[in-house]
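No value in this document is a laboratory result; all are computed from the given coordinates. None of these values were measured; they are calculated from a predicted model. Virtual Cβ from ideal backbone geometry, glycine too; neighbours counted across all protein chains shown.
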Amino acid sequence: MNSPAPDSLNTTFAALADPTRRAILARLASGEASVTELAEPFAMSQPAISKHLKVLERAGLISRGRDAQRRPRRIEARPLAEATEWLEAYRQLWEGNFRRLDALLNQLRTNQQNTDQPKISEHRGAGRKIETAHKTRRRVKRVPTRNQKGEYR
């Protein structure tokens, strides 16, 4: 796996951190557009949109073309592909963890269905009420009792 430069990834993710810049990229995914066209859906000034575009350009996520008087922006795939490649390794790691967790849960469900669930019952012994789980013979809860003087044992 060819890993992208960490600075490149940092710049890409920093640029993608802003929802306005992500919306601009989503618009450019359908084709190139001018600054005016990109600014239309946003309630912000054209200089503010231009600042967002500069951040995206520095990250290499968009490029500026030249069409007579027009300077349309277009999306660039390389930085997004590098970010996707970097994230893919972690996606595979998490999917492996989830598969192992699913297998463990299925095994626990199967084991629980194959054995009777522990039944809780009450026993009286030495003046104490004790709840035990029959399968493990382990005390679950102990209720203290008082002796004739009113002291707890």
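Couple of notes before you dig in:
- Cut-off 15 Å between beta-carbons: net charge of the residues surrounding D102, Lys and Arg +1, Asp and Glu -1: +2
- Shape of region 1-115, Cα gyration tensor, a/c cut at 1.5: prolate
- Arranged from fewest to most other beta-carbon atoms within 10 Å of their beta carbon, E57, E32 become E57, E32.
- Computed from backbone phi, the HN-Hα couplings of region 19-25 come to x, 5, 5, 5, 5, 4, 4 Hz, rounded to whole numbers (Karplus: 6.51 cos²θ - 1.76 cosθ + 1.60, θ = phi - 60°; Gly and Pro given as x).
- Long-range HN-HN contacts of S34 with modeled amide H, under 5 Å: R73
- Part-to-part distance (alpha-carbon centres) for region 82-98 and region 1-74, which is given in Å: 26
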